[in-house]
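To start, the structure itself, in structure tokens.
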Amino acid sequence: MKLVSLQPEMEAAYADFVQDFTAAGEKVMPGAAGSSEASFTDYLRHLERRQRWEGCPPGIVPSHLYFLEEGGRLLGAIDLRWELNERLLHYAGQIGYGVRPTARGRGLATRMLGMALEKVRTRGLERVLITCLEENRASARVIEKNGGRLEDCRSYDGHTYRRYWIALSPQGRVTDGSGSLQGEIQ
């Protein structure tokens with residue numbers, strides 16, 4: 001199991017990932033993992049542009065989208081936002097993630113977040129902000145298992161968001177909540 005960037009040869013796996021959400025009647029999560037581009041090639045270009053300031057639409061910060069891949073199947077996605085703006089600071093946070101509906105209940109979100117925190121640490125960040133809707137107890141547990149400490153809850157647009165900070169250890173190791181980190185980042 002590893003975190004990978006989407007590649008041209010992964011078009012069928014990506015389509016299968018999106019179809020899983022569609023079949024469940026859900027929006028693809030995180031939002032960056034749902035393409036509105038005309039083609040898969042355009043979507044890949046869009047993801048590449050989002051990694052640099054000059055490619056970001058107004059109000060968006062540079063970010064990198066990774067997919068949790070195992071055996072050629074995309075099980076989840078996680079969007080790492082490298083900076084905070086006003087919107088991210090108050091309710092959206094620096095990391096958004098989602099696991100495809102048919103792969104839930106296996107601890108994949110906890111593992112994926114732990115793996116992503118290793119990537120964040122390599123960028124020199126000392127801590128990250130992650131939020132979830134107040135009623136999303138599963139996401140709150142994922143964040144807490146990865147060291148998230150609740151700062152507060154804030155309301156925005158009719159929803160209440162739990163705001164967690166995760167401190168990245170001075171030793172440079174972030175675990176998945178169980179004390180170990182499984183998987184690799186590519």
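Loop-only check: which GluC sites (Glu not before Pro) in the range 70-151 are DSSP coil with at most 14 other Cβ within 10 angstrom? Mind dumping the intermediate values first?
On the way: sites: GLU70, GLU83, GLU86, GLU118, GLU126, GLU134, GLU135, GLU144, GLU151; in loops: GLU83, GLU126, GLU134, GLU135.
Those satisfying the criteria are GLU83, GLU126, GLU134, GLU135.
What is the order of VAL18, VAL120, VAL142, fewest Cβ neighbours within 10 Å to most? Don't skip to the end; give the middle numbers.
On the way: VAL18 15, VAL120 22, VAL142 25.
By the 10 Å Cβ count, ascending, the order reads VAL18, VAL120, VAL142.
How about LYS145: which aspartates and glutamates have a C-alpha closer than 13 Å to its C-alpha, ignoring those fewer than 8 places off in the same chain?
Within the straight-line cut-off, LYS145 pairs with ASP176.
Taking amide hydrogens as modeled 1.01 Å from N in the peptide plane, which residues meet the under 5 Å criterion relative to LEU75, leaving out close sequence neighbours?
The list, which skips near neighbours in sequence, is LEU68, GLU69, GLU70.
What number results when the radius of gyration of the chain, computed over Cα atoms, is divided by 2.2 N^0.38 Å?
Working: Rg = 15.7 Å, N = 186, 2.2 N^0.38 = 16.0 Å.
Cα-based Rg divided by the globular estimate yields 0.98.
Just to verify a number: FRET efficiency for ALA38 and THR122, C-beta to C-beta distance, R0 = 30 Å, to 0.05?
Numbers: r = 34 Å, r/R0 = 1.12.
That pair, ALA38 with THR122, gives E of 0.35.
Using a Gaussian network model of the chain whose springs link C-alpha atoms within less than 10 Å, name the residue from ARG45, ARG121, ARG100 with the highest mean-square fluctuation.
For the chain, modelled as a Gaussian network with Cα springs under 10 Å, the answer is ARG45.
Roughly speaking, what is the stretch gain from GLU144 to ARG49, that is 0.36 nm per residue apart minus the C-alpha to C-alpha distance, in nm to one decimal? Write down the numbers at each step before the final one.
Details: separation 95, 0.36 × 95 = 34.20 nm, distance 3.18 nm.
Between GLU144 and ARG49, full extension yields 31.0 nm more.
From the phi angles alone, apply the Karplus equation (6.51, -1.76, 1.60; θ = phi - 60°) to the range 54-68 and give each ³J(HN,Hα) in whole Hz, x where the residue is Gly or Pro.
5, x, 7, x, x, x, 10, 9, x, 8, 9, 9, 10, 10, 7
No value in this document is a laboratory result; all are computed from the given coordinates. Note that the coordinates shown come from a computational prediction; the quantities given were computed from them, not determined experimentally. Note that each Cβ is placed from the backbone with ideal geometry, even for glycine, and that neighbours are counted across all protein chains shown.
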